[in-house]
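A.B. asks: Starting off with a structure, shown below.
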Amino acid sequence: MFDSLQERLGSILNNLTGRGALSDADVAAALREVRRALIEADVALEVVRLFTDRVREKAVGAAVVKSIKPGQMVVKIVHDELVSILGETSETIDLNAPAPVVVMYVGLQGSGKTTTTGKIARRLTDRQNKKVLMASLDTRRPAAQEQLRQLGEQVKVATLPVVAGQSPVEIARRAVQAGRLGGYDVVMLDTAGRTHIDEPLMAEMAEIKQAANPHEILLVADALTGQDAVNLARNFNDRVGLTGIVLTRMDGDGRGGAALSVRAVTGKPIKMIGTGEKMDALEEFHPKRIADRILG
Ligand code: GDP
């Protein structure tokens, strides 16, 4: 992820730092190139605009600072604004609520929801000593509940026993109740996906939300889908309300547009990133580290 963007920005900014003095025209020309590089990296247009506007504003005002070379100043501004659109601080999953804390995962089919549910459950169990119960609310795909059960065995996290014939909302209620009665700290609800967003999916998510009162609603989105992931996040956020986003397949060879846009477009933080198929391939999202990486 980010390789080509890193290369492009690197050469644009190197050009700037190599020079002693910069005119407004130099800065404007560099910004045009930055803009093009971001668009090619599949960053949402509104984010590209916001980003370049902010950099331009600061770069023009900063030109009078004599102590630092102007080129380095622009590089610093680009870095700071990159961190700013990525979300400044890293935010983790918030479990600060009465137990059992309900965490609901939403997203499209194949985005990595079940895998991510298992990864996060394992992490909370191993690192924070939490007692976690996972439940699959996917009644549409016959193998889905079994897939989560097997994953639970693998990561040694409890799963809600399957009762045939229950609706997703009924399973959600039963999971929360089992969480309460069983003394669980966290109940995770792995909801059903679809191949695309449609009204029945959104209605189902809203209904589950109402029944289970989740403290976290995390969208699991495939980072490789770029703009589609951003539109997905916007839709889910408008319709169901999100508390955070998990981007999967950050290990893939994507252009990085989703990772760079989704926070600014939705206002919701990227809380975790998936970096592989294995159960430990999960990382916290650190805006500064990502900006450092992109800018070399
Ligand atoms: P769901 O339909 O949303 O529940 O998706 P799954 O959890 O079944 O995942 C679909 C596929 O994506 C599986 O083969 C996972 O191993 C794979 N997957 C999930 N997360 C990641 C990730 O971060 N990186 C990679 N490379 N593969 C992932």
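A.B. asks: Between the helical axis of 227-239 and the dominant principal axis of the chain, each derived from Cα atoms, what acute angle in degrees is found, rounded to the nearest 10?
C.D. replies: Result, in degrees: 60.
A.B. asks: For segment 30-120, state which GluC sites (Glu not before Pro) are in a DSSP loop and have at most 15 other beta carbons lying within 10 Å of their beta carbon. Mind showing how you got there, number by number?
C.D. replies: Working: sites: Glu33, Glu40, Glu46, Glu57, Glu81, Glu88, Glu91; in loops: Glu88, Glu91.
Answer in residue order: Glu88.
A.B. asks: Another question about this same structure. Percentage of Cα-Cα pair distances in segment 168-285 greater than 20 Å, rounded to whole percent? It would help to have the intermediate numbers written out before the result.
C.D. replies: Working: 3202 of 6903 pairs.
Pairs farther apart than 20 Å: 46 percent.
A.B. asks: Could I ask something else about it? Given labels modelled 7 Å from the Cα in the Cβ direction, how far is it in nm from Arg194 to Arg32?
C.D. replies: 4.4 nm
A.B. asks: OK, next. Could you tell me which trypsin sites (Lys or Arg not before Pro) in segment 104-142 are loop residues by DSSP with no more than 14 other beta carbons within 10 angstrom of their beta carbon?
C.D. replies: Arg140
A.B. asks: If you line up the long axis of helix 45-62 against the longest principal axis of the chain, both from Cα atoms, how many degrees apart are they, to the nearest 10?
C.D. replies: 40 degrees
A.B. asks: Let me ask another. Mind ordering 150-156, 264-270 by average Cβ neighbours within 10 Å, highest first?
C.D. replies: On the way: 150-156: 15.9, 264-270: 20.1.
So the peptides 150-156, 264-270, ranked by packing, come out 264-270, 150-156.
A.B. asks: When the chain is fully extended, how far beyond the present Cα-Cα distance does Asp253 get from Arg49, taking 0.36 nm per residue of separation? Show your work: numbers first, answer last.
C.D. replies: On the way: separation 204, 0.36 × 204 = 73.44 nm, distance 2.48 nm.
Net length gain for the segment: 71.0 nm.
A.B. asks: Note down the relative contact order for the chain as a percent, whole number, built from C-alpha pairs under 8 angstrom at least six residues apart.
C.D. replies: Values: 541 pairs, mean separation 77.5, N = 296.
Reported as a whole number, the value is 26 percent.
A.B. asks: Pick from Gln145, Gln128, Gln166: which is most flexible by mean-square fluctuation in a GNM of the chain where alpha carbon atoms under 10 Å apart are linked?
C.D. replies: Highest fluctuation among the options: Gln128.
A.B. asks: Contact order normalised by length for segment 186-254, with contacts defined as Cα pairs under 8 Å and 6 or more residues apart; what percent is it?
C.D. replies: Working: 58 pairs, mean separation 24.1, N = 69.
This gives 35 percent for segment 186-254.
A.B. asks: Another one. Counting each pair of different Cα atoms once, what's the Kirkwood radius of the chain in Å, rounded to one decimal? Intermediate results must be reported in sequence, preceding the final value.
C.D. replies: On the way: mean 1/r = 0.0493 Å⁻¹.
Every distinct Cα pair counted, the radius reaches 20.3 Å.
A.B. asks: Rg and Dmax of segment 30-133 over Cα atoms: what are they, in angstrom?
C.D. replies: When restricted to the Cα atoms of segment 30-133, Rg and Dmax are 20.6, 59 Å.
A.B. asks: Now for a separate question. What is the distance, in nm, between label points placed 7 Å from the Cα along the Cα-to-Cβ direction at Lys76 and at Glu207?
C.D. replies: 5.6 nm
A.B. asks: Under the 0.36 nm per residue contour assumption, what length would be gained going from the current alpha-carbon distance of Val163 and Glu88 to full extension?
C.D. replies: Values: separation 75, 0.36 × 75 = 27.00 nm, distance 4.38 nm.
Difference between extended and current length: 22.6 nm.
A.B. asks: Starting from the Cα of Ala97, step 7 Å along the direction of its Cβ; do the same at Asn129; then give the gap between the two resulting points in nm.
C.D. replies: For the pair Ala97/Asn129, the computed spacing is 2.4 nm.
Here, each number is a calculation from the coordinates, and none is a lab measurement. For clarity, every value in this text was computed on a predicted model and none was experimentally measured. Here Cβ is always computed from backbone atoms with ideal geometry, including for glycine, and neighbour counts include all displayed protein chains.
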